[in-house]
Amino acid sequence: MTFRNLTLKQIVAGLFIAALLGFMYINSRPIDEVRHNRVITNLSKLDELDSQLNEDVIKLRYGLLNNYDPLVATLEQIKRHKRDLEEGDYAIVNRGNPEIDQAIAAFSRALTEKEALVDQFKSHNSLLRNSQYYLPLSVENVIHSPLAPQSLRQSVESLLRDVLLLRARIVGKDDYEYIIQKLKPLMEERGKYPAPLRAALEKVIQNTQNIVVYRQEVDHLVLEITSAAT
């Protein structure tokens, strides 16, 4: 199994075992109880916080959290417990056991990779949220424009209904392709409308394209963050 196929939990579990065996091997004497308890606490909290981070990501994806503060706070706690394993009086690295040092290094790489994925998620999820919020407003602007023919009003209303349905169920590639196909006539005919109506229609098109693109990217990132591939 390669490093990239390991979950953060698996790495933490391996680190836990390596740490205990390493201390027993190096010292050949009873493990200092305070140090032992501190290591156990840090490793247990890392495991717990990794699960919490995954939960935060899922809640943010589905609108169950309003902002990213809990996610940021969870990441900071993970880093704090990681620092406690690496530095200070109770550190377990640089104590003569290369296996422990390698395990901590692997853990650091996994955490760095996961944090980079989380940063991408935050950026793309924010863009997705914005477009989901503004699409209904942009459709309303077209519908209420005195310049819009009835056929255009019906087209954008139908488009909005189909896009909103994407949020209510699990979708696949065909569903996104269907939305893209519905967009094509609007994109082809936008040039024939007066400038104010054309500008309003452009916002409908742009918001819809953003939803199609960023929802797929966000769902992929959620899977990467929470799955064994991270």
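The values are calculated or read from the model by the stated rules, or taken from the named source; none is laboratory data. Quick caveat, the model's predicted, so the values are computed rather than measured. A quick note on method: Cβ atoms are made from the backbone with ideal geometry, for glycine too, and the neighbour counts reach across all protein chains shown. Accessible surface areas use protein heavy atoms only, side chains included; no ligands, DNA or RNA. Shrake-Rupley method; radii C 1.70, N 1.55, O 1.52, S 1.80 Å.
Computed with a 1.4 Å probe over protein heavy atoms only, the accessible area of THR112 comes to about 90 Å². Eigen-decomposition of the gyration tensor built on the alpha-carbon atoms of the range 49-104 gives equivalent ellipsoid semi-axes of 32, 11, 6 angstrom, largest listed first. Only protein heavy atoms count here; on that basis, with a 1.4 Å probe, HIS36 has an accessible area of about 60 Å².
The convex hull of the Cα atoms of the range 72-230, projected and averaged over all directions, covers 12.4 nm².
Of the whole protein surface, ASP89 contributes about 120 Å² of accessible area at a 1.4 Å probe radius.
So what is the diffusion coefficient of the range 32-151 in µm² per second by Stokes-Einstein at 4 °C and 1.567 mPa s, using a Kirkwood Rh over Cα pairs?
74
Straightening the chain between ASN94 and VAL213 buys 38.3 nm, computed as 0.36 nm per residue apart minus the Cα-Cα spacing. 3J(HN,Hα) along the range 46-59, derived from phi through the Karplus expression 6.51 cos²θ - 1.76 cosθ + 1.60 where θ = phi - 60°, amounts to 4, 4, 5, 6, 4, 5, 5, 4, 4, 5, 4, 4, 5, 4 Hz, with x in place of Gly and Pro. With R₀ fixed at 25 Å, the C-beta to C-beta distance from LEU147 to TYR178 puts the FRET efficiency at about 0.35. Couplings 3J(HN,Hα) for the range 100-114, derived from phi with the Karplus relation 6.51 cos²θ - 1.76 cosθ + 1.60 (θ = phi - 60°), are 5, 4, 5, 5, 5, 4, 5, 4, 4, 5, 4, 5, 4, 5, 5 Hz, where x marks Gly and Pro.
Here the range 148-230 exposes an accessible surface that is 54 percent carbon and sulfur, computed with a 1.4 Å probe and the other protein chains kept in place. Positive-end ranking of ALA110, TYR134, ILE92 along the dipole of the range 74-145, with charges on Cβ about the Cα centre, is headed by TYR134. Of interest is the spacing of the C-alpha centroids, which for the range 144-204 and the range 33-49 amounts to 54 Å. Can you work out the FRET efficiency for the pair LYS59 and SER108, with r the C-beta to C-beta distance and R0 = 22 Å, to the nearest 0.05? Between LYS59 and SER108 the formula returns 0.25.
All other residues whose Cβ lies under 13 angstrom from that of SER155 are scored, Lys and Arg at +1 and Asp and Glu at -1, for a net of +1. Across ASP69, ASP101, the residue with the most accessible area heads the list, and the full order at a 1.4 Å probe is ASP69, ASP101. Using a probe of 1.4 angstrom and keeping all protein chains present, the accessible surface of the range 26-154 works out to 54 square angstrom per residue. Inter-label distance, ASN37 to ARG198: 7.4 nm, where each label sits 7 Å from its Cα along the C-beta direction. Positive contributions from Lys and Arg (+1) and negative ones from Asp and Glu (-1), summed over other residues with Cβ under 15 Å from the Cβ of GLU188, come out at +3. The listed residues LYS184, LYS203, LYS45, once ranked by accessible area (1.4 Å probe) with the largest placed first, stand as LYS203, LYS184, LYS45. Computed over the alpha carbons of the range 154-218, Rg followed by Dmax gives 12.2, 38 Å.
With a Förster radius of 25 Å applied to the beta-carbon distance between MET187 and ARG129, the computed FRET efficiency rounds to 0.55.
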